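Have a look at the structure below before the remarks.
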Amino acid sequence: GENVEQHPSTLSVQEGDSAVIKCTYSDSASNYFPWYKQELGKRPQLIIDIRSNVGEKKDQRIAVTLNKTAKHFSLHITETQPEDSAVYFCAASLENTGFQKLVFGTGTRLLVSP
Amino acid sequence: NAGVTQTPKFQVLKTGQSMTLQCAQDMNHNSMYWYRQDPGMGLRLIYYSASEGTTDKGEVPNGYNVSRLNKREFSLRLESAAPSQTSVYFCASSKDITTGELFFGEGSRLTVL
């Protein structure tokens, strides 16, 4: 089955810096890669996702890149702000096989200092 | 529109006690899920219900049972709680098993002594 590794486990940056979180996956058939953000004490929420027919996707200050050959994908946050502080989870699955097949990474705690 | 609501938010149990976590969604979603979140482990699927009337095991089902009471409600039961079940539990729902995104509840923190 699919296995997703996520690094780093903790990331501290200064406000205005960029942050990059990386994930690798094991199943070359996987083609759906969402990212969830969980603020302290709150529920995880989808912030962006990418499918394997696209190499990069942007939404304002966040972007996700995908390298299918290397089987890794990354979340990029530019001009970080204190409200970006949260735990970020990546995930991977083969689209249309069901959310029960979605495998999550172990999470990255991002701390943005003013 | 409350989204996904789960209760209780906090619970302390003694080993061997039983309890039920309740979950309800008001988005007319077909599919519902129970996850547990442990430090350094990410989110792991316990059970899911692809549609009303069906339930299936996820990655870590041992020690749990579920009931899809109706389209809105999906409960998780611990029959005989163990310290290893100390965790934060999240209920989630999606439009159906393959479409849309996962919408999570706010979580239930369970401690088993």
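The numbers here are math on the coordinates, done by the rules we state, and not lab data. For clarity, every value in this text was computed on a predicted model and none was experimentally measured. All Cβ positions, even for glycine, are placed from backbone atoms using ideal geometry, and neighbour counts span all protein chains on display.
Between B:SER18 and B:ARG44, what's the calculated FRET efficiency when r is the beta-carbon distance and R0 is 25 Å? Round to 0.05.
Values: r = 21 Å, r/R0 = 0.86.
Efficiency, from the Cβ-Cβ distance: 0.70.
When only Cα pairs under 8 Å and 6 or more residues apart are kept, what is the percent relative contact order across chain B?
36
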For chain A, the charge dipole (Cβ of Lys, Arg +1; Cβ of Asp, Glu -1; about the Cα centre) points to a positive end, and the Cα of A:PRO82, A:GLN6, A:VAL20 closest to that extreme belongs to A:GLN6
Cα extents of the protein assembly as shown along the principal axes, largest first, in whole Å, come to 48, 38, 34
Looking only at lysines whose Cα falls under 24 Å of A:LYS22's and that sit 8 or more positions away or on another chain, we get A:LYS37, A:LYS42, A:LYS57, A:LYS58, A:LYS68, A:LYS71, A:LYS101
Residue by residue through the stretch A:58-72, the couplings from Karplus 6.51 cos²θ - 1.76 cosθ + 1.60 with θ = phi - 60°, in Hz, x for Gly and Pro, are 10, 8, 6, 8, 10, 8, 10, 10, 10, 10, 5, 5, 8, 6, 9
Computed D for the stretch A:38-91, Stokes-Einstein, Kirkwood radius over alpha-carbon pairs, 4 °C, 1.567 mPa s, to the nearest µm² per second, is 105
To the nearest 20 debye, the stretch B:1-92 has a Cα-centred charge dipole, built from +1 on Lys and Arg Cβ and -1 on Asp and Glu Cβ, of 140
Expressed in angstrom and rounded, the centroid-to-centroid distance over alpha carbons for the stretch A:51-98 and the stretch B:22-93 is 26
GNM of chain B, Cα pairs under 10 angstrom: of B:SER80, B:SER31, B:SER93, the biggest fluctuation goes to B:SER80
With +1 on the Cβ of every Lys and Arg and -1 on the Cβ of every Asp and Glu, the dipole magnitude of chain A about its Cα centre, in debye rounded to the nearest 20, is 240
For the stretch B:14-26, Karplus-derived ³J(HN,Hα) couplings (6.51, -1.76, 1.60; θ = phi - 60°; whole Hz; x for glycine and proline) come out as 9, 3, x, 6, 10, 6, 10, 8, 9, 9, 9, 10, 10
Quotient of Cα radius of gyration and Kirkwood radius for the stretch B:16-86, i.e. Rg/Rh, equals 0.97
